[in-house]
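Presented below is the structure to which this report refers.
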Amino acid sequence: MIPYRLAAGGAGVLRASARHLLRRMCPRVAPASVKAYSASSWQTAASATDSHPTSDAAAPHALAHGQDNPGAEPDGDTDDYGPGPGPGSMRDAAAAGSDQEPLPPGLYVIPTPIGNLRDITLRAADTLRRVNLLLAEDTRHTRKLLNFLGIRHLEVLSCHEHNEKQRLARVLQRLQQGEPVGLVSDAGMPGISDPGQVVVAAAVAAGVRVVALPGPCAFVTALVGSGLPTDAFTFVGFLPPKSGARRQALERLAAQSGTLVLYAPPHGLAGVLRDAAEVLGGSRRCCVAREISKLHEEYFRSTLEGALREFGEVREARGEICLLVEGCGPPPGQRSSAASAAGSAEGGSVAAAAVAGGGFGAVERVLRELLEAGTPVSGAVKEVVANLGANKKAAYAAALRISDELARKSAAKAE
């Protein structure tokens with residue numbers, strides 16, 4: 001056979017050709033053999049041309065680092081036999097999890113993705129692999145996440161709102177025996193409008209260590225994405241299903257200055273928006289956040305009246321929904337001055353009504369009488385608007401101020 005002398009760039013061609021030939025002829029050859037042959041052919045070509053002097057001692061060092069030529073750039077084939085993802089990847093964490101020490105005893109509250117499965121944290125995935133028992137709201141739903149993470153052999157026990165109390169004795173026994181036990185809900189943080197609070201409270205009462213992992217939470221994500229103020233907010237969760245009880249709950253929340261954060265079922269969203277518009281005022285800004293972290297994620301930003309038209313007349317709401325409503329304004333101590341400032345800028349304010357018509361004193365007197373008699377703020381406002389023709393926004397601001405005054409007087413008498 002006539003020996004060929006290759007130019008400096010021919011080594012890479014020969015190496016790639018040899019690798020391709022071995023794959024075709026010997027599909028079962030181990031990757032290390034392909035590497036060794038590639039390195040050998042590279043050294044032969046290099047010695048023939050004298051352009052890449054490399055000692056035999058350097059070749060093992062290069063192979064140990066997954067390179068045929070330590071000084072060359074990757075040629076595009078190294079991923080086929082490389083070590084895989086680098087440190088910190090999900091696969092790397094899975095491989096390292098088996099070598100770690102067992103988890104300390106305790107109850108581990110593990111948040112799970114609210115939509116996209118890739119929202120799972122590395123720490124949550126690692127904890128799921130290392131617990132002895134996992135309490136799940138729906139075992140079938142949780143198995144999908146475990147399969148996604150490659151966790152096959154884990155004892156999973158259902159623990160939901162209908163059997164949570166019945167599970168306590170069994171779960172506490174396992175915890176007191178020194179086992180690490182995990183707790184998950186279908187999505188998000190267990191205990192936040194989901195099962196879990198009963199188990200956590202029982203573990204704390206029994207002196208068991210409780211570890212709550214940070215992670216996905218639907219209402220926090222919705223609040224940040226809504227565009228409404230985040231410096232102060234009130235998490236409400238689900239309102240009562242019946243309109244009467246729901247209106248009473250909204251009346252208690254009417255004076256809150258921070259953003260209101262609620263959950264709502266899709267089939268009941270229109271009713272919630274209708275009651276909120278009537279009790280809180282239809283002009284309040286709101287955001288309907290639905291299907292967070294899912295394919296059809298949406299943030300619908302409008303007022304309560306606008307949202308009611310959209311989801312009550314135009315289309316039907318679907319998916320998981322978080323409703324965020326703007327607060328009533330400044331804190332209680334600042335409402336009077338804020339209302340006065342707004343009134344001087346707008347003709348329909350409290351001060352403007354008093355100057356123009358001279359009859360707002362009568363409105364305030366009626367409001368005070370109604371509130372002292374126990375009438376809710378929204379009911380008192382409706383009364384003066386319907387019977388005295390008062391400006392609704394101005395009457396509402398005055399009713400809040402009077403309500404605060406009455407509350408302070410009542411607290412002072414109690415002391």
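Figures for the structure shown
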quantity: Every pair of residues 6+ apart whose Cβ atoms lie under 6 Å, when the first sits in the stretch 129-140 and is in the same structural domain as LEU168 (by TED's automatic domain parsing) while the second is in a helix (DSSP H, G or I); calculated: ARG129/GLY97; LEU133/ARG174; ALA136/THR142
quantity: The lone exception for ASN132 - which of (1) touching a Leu at 6+ places or on another chain (Cβ under 9 Å); (2) within 15 Å of PRO111 (Cα to Cα) it fails; calculated: (2)
quantity: Considering residues of the stretch 323-334 that are modelled with pLDDT under 90 and touching a Leu at 6+ places or on another chain (Cβ under 9 Å) only, the residue surrounded by the fewest Cβ atoms within 10 Å (Cβ to Cβ); calculated: GLY329
quantity: Residue in the stretch 387-398 that is free of Cβ contacts under 8 Å to residues at least 24 places away in the same chain and not assigned by TED's automatic domain parsing to the domain that holds ARG247 present; calculated: yes
quantity: Considering residues of the stretch 368-378 that are out of contact with any Asp or Glu (no Cβ under 8 Å at 6 or more places or on another chain) and surrounded by fewer than 18 Cβ atoms within 10 Å (Cβ to Cβ) only, the residue nearest to ALA276 (Cα to Cα); calculated: GLY374
quantity: Subset of the stretch 217-236 [surrounded by fewer than 12 Cβ atoms within 10 Å (Cβ to Cβ) and within 20 Å of PHE300 (Cβ to Cβ)]; calculated: VAL224
quantity: Any hit, the stretch 340-357, residues being modelled with pLDDT of 65 or more, among the hydrophobic types (A, V, I, L, M, F, W, C) and over 14 Å from ALA255 (Cα atoms); calculated: no
quantity: Any hit, the stretch 300-322, residues being modelled with pLDDT of 85 or more, under 22 Å from PRO229 (Cβ atoms) and of a type in the set (D, E, K, R); calculated: yes
quantity: Some residue of the stretch 179-192 being out of contact with any Ser or Thr (no Cβ under 9 Å at 6 or more places or on another chain), under 17 Å from LEU323 (Cβ atoms) and outside any helix (DSSP H, G or I); calculated: no
quantity: Hits in the stretch 197-213 - residues which are under 23 Å from VAL261 (Cβ atoms) and in a strand (DSSP E or B); calculated: ALA212
quantity: Residue check for CYS328: part of a loop (DSSP other than H, G, I, E, B) and not β-branched (Val, Ile, Thr); calculated: yes
quantity: Total residues in the stretch 379-392, condition surrounded by 15 or more Cβ atoms within 10 Å (Cβ to Cβ) and not in a helix (DSSP H, G or I); calculated: 2
quantity: Given (1) surrounded by fewer than 22 Cβ atoms within 10 Å (Cβ to Cβ); (2) of a type in the set (A, V, I, L, M); (3) over 21 Å from the mean Cα position of the chain (by Cα), number of the condition LEU273 does not satisfy; calculated: (1)
quantity: Criterion: surrounded by 16 or more Cβ atoms within 10 Å (Cβ to Cβ) and at pLDDT 95 or above - qualifying residue of LEU250, LEU260; calculated: LEU260
quantity: Some residue of the stretch 91-110 being modelled with pLDDT under 95, among the hydroxyl-bearing types (Ser, Thr, Tyr) and under 28 Å from THR221 (Cα atoms); calculated: no
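The values are calculated or read from the model by the stated rules, or taken from the named source; none is laboratory data. Since this is a predicted model, take the numbers as computed values, not measurements. Positions of Cβ are backbone-derived with ideal geometry, glycine not excepted, and every protein chain shown enters the neighbour counts.
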